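For reference, the structure discussed in these notes is given below.
The values are calculated or read from the model by the stated rules, or taken from the named source; none is laboratory data. All values reported here derive from a predicted model rather than from experimental measurement.
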Amino acid sequence: MLGFAVAVVVLSGRIPVLVALLVATVTWAALSPALYFGGTRIAGVLGEQRYLPDVAVAEAVPAVEALRHAGLTVAVAETCSGGVLCALLSAVPG
């Protein structure tokens with residue numbers, strides 16, 4: 001996303017801002033899948049199966065039990081971790 005913002009700023013100095021937004025959006029939409037699939041392909045060649053280490057659900061159990069005992073809930077908005085925290089918390093049975 002930083003690259004997107006930089007592209008808009010650089011382009012807006014040369015062309016109208018709305019056109020810069022459109023060009024940056026189309027470029028980002030075209031490049032994102034290529035970067036993702038290229039990265040996963042390279043990771044596969046290097047033998048890397050996942051970008052994050054596996055975290056055992058057992059490690060989340062104490063936190064979830066403490067939240068339940070206190071009658072609290074958790075709201076999570078993840079962008080950088082790819083939903084790992086949500087997956088970890090929701091994998092705890094019950």
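Just the residues that are at pLDDT below 75 and of a type in the set (Ser, Thr, Tyr), please, taken from region 3-57.
Listed by number, the list holds a single entry, TYR51.
Limited to region 64-94, what total is found for residues that are of a type in the set (Gly, Ala, Ser), over 23 Å from the mean Cα position of the chain (by Cα) and part of a helix (DSSP H, G or I)?
Of the residues in region 64-94, 2 are of a type in the set (Gly, Ala, Ser), over 23 Å from the mean Cα position of the chain (by Cα) and part of a helix (DSSP H, G or I).
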